[in-house]
Structure formats: C-alpha cells, structure tokens
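K.L.:
The structure follows.
Computed from the coordinates by the stated procedures, all read-outs in this text should not be read as laboratory data. Owing to the predicted nature of the structure, the values given are computational and were not obtained by experimental measurement. Virtual Cβ from ideal backbone geometry, glycine too; neighbours counted across all protein chains shown.
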Amino acid sequence: MRRDIFQAIADPTRRAIIALIALHAMTPNAIAENFHTTRQAVSKHLRILTECELVKQEYQGREIYYSLEIEKMKEIDKWLEQYRKIWETKFNQLDNLLSTIKKNKK
C-alpha cells in the first residue's frame with residue numbers, strides 16, 4: 001500500500017526517526033534505543049517511512065541500515081516553499097506594522 005508522505009511525517013516518532021538518521025544510517029535496534037517503545041513499534045514506523053520512500057534500506061551482511069532518502073525530503077521542502085513565501089510576507093508585514101506602532105509611540 002502506498003502511503004502519503006505528509007501522513008508519514010505527521011507522526012512525531014517518525015519525525016524523530018528522520019532526524020536520527022539524517023546524519024548517518026542506523027540499524028533498527030540502534031534507532032529503537034532512542035525511544036521508550038518496543039522494537040516492533042519502531043519497525044512499524046520504519047516500514048511506513050520506507051513505503052513512503054522517505055527512508056531507504058541498505059543491507060550490510062545480516063544487518064539492515066536505514067538512511068534518509070534526500071530526494072523525497074526535497075519534495076517535501078518544495079511543497080513547503082510555497083507556504084514559506086506566504087509566511088515570510090506575513091511576518092514582514094507584521095514587522096512593518098510593529099515598527100510603525102513603535103515609531104508612533106515616541
């Protein structure tokens with residue numbers, strides 16, 4: 001079943017997993033050590049992230065290492081960029097308004 005990327009990153013545990021493996025690949029056991037949950041729960045999160053192609057698996061001997069799929073993260077960033085521009089415009093407008101109010105109080 002193909003899952004939605006944004007549904008996958010909506011979960012705080014999955015976002016934490018992404019942050020963990022952003023710098024270097026990790027095994028499921030190494031990832032699970034960072035959470036107060038079962039190894040099975042972490043595996044479920046990893047399966048969802050893999051199905052969304054946000055992480056990739058690499059076999060090294062008997063171990064599976066999970067690493068971040070940068071191109072998929074770029075896809076998320078591209079989608080967010082449109083909103084980032086809107087937010088920046090709104091923040092600039094607010095900053096200008098606050099500056100005007102501050103000047104008028106003097």
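K.L.:
Enumerate the lysines that K78 could reach by cross-link, defined here as Cα to Cα under 29 Å, with residues fewer than 8 away along the same chain left out.
P.N.:
Straight-line reach from K78, under 29 Å: K44, K56, K90.
K.L.:
Further question: Arrange D77, D11 by Cβ neighbour counts within 10 Å, fewest through most, would you?
P.N.:
Least crowded to most crowded, the residues run D77, D11.
K.L.:
Check cross-link reach from K74 to the aspartates and glutamates: straight Cα distance under 18 Å, and skip same-chain residues fewer than eight apart.
P.N.:
List returned: D4, E51, E53.
K.L.:
Go ahead and estimate [θ] at 222 nm for the chain from helices alone: -39,500 (n - 2.57) per DSSP H run with n ≥ 4, summed, over the residue count, rounded to 500.
P.N.:
-21000 deg cm²/dmol
K.L.:
If each residue of separation counts as 0.36 nm, what is the full-extension length gain between W87 and A41 once their alpha-carbon separation is subtracted?
P.N.:
Contour length minus the Cα-Cα distance gives 13.0 nm.
K.L.:
Something else now. What distance in nm separates the two pseudo spin-label positions at K105 and E53, each 7 Å out from Cα along the beta-carbon direction?
P.N.:
5.2
K.L.:
Turning to a different aspect of this structure: Just the C-alpha atoms of the chain: what Rg/Rh do they give, with Rh taken as the Kirkwood radius?
P.N.:
Ratio of gyration radius to Kirkwood radius: 1.23.
K.L.:
On a 0 to 90 degree scale, rounded to 10, what angle separates helix 39-51 from the longest Cα axis of the chain?
P.N.:
Rounded to the nearest ten degrees, it is 70.
K.L.:
Gap in Å between the Cα centre of the stretch 70-105 and the Cα centre of the stretch 1-57?
P.N.:
About 29 Å separates the Cα centre of the stretch 1-57 from the one of the stretch 70-105.
K.L.:
Then there is this: For the stretch 36-79, just say rounded, prolate or oblate: build the C-alpha gyration tensor, square-root its eigenvalues into a ≥ b ≥ c, call rounded for a/c under 1.5, and beyond that prolate if a/b exceeds b/c, oblate if not.
P.N.:
Oblate shape, in that a/c is at least 1.5 and b/c is the bigger or equal ratio.
K.L.:
If each residue's Cβ is checked for other Cβ atoms within 10 Å, how do R14, R84, R3 rank with the fewest at the top?
P.N.:
Ascending number of Cβ neighbours within 10 Å: R84, R3, R14.
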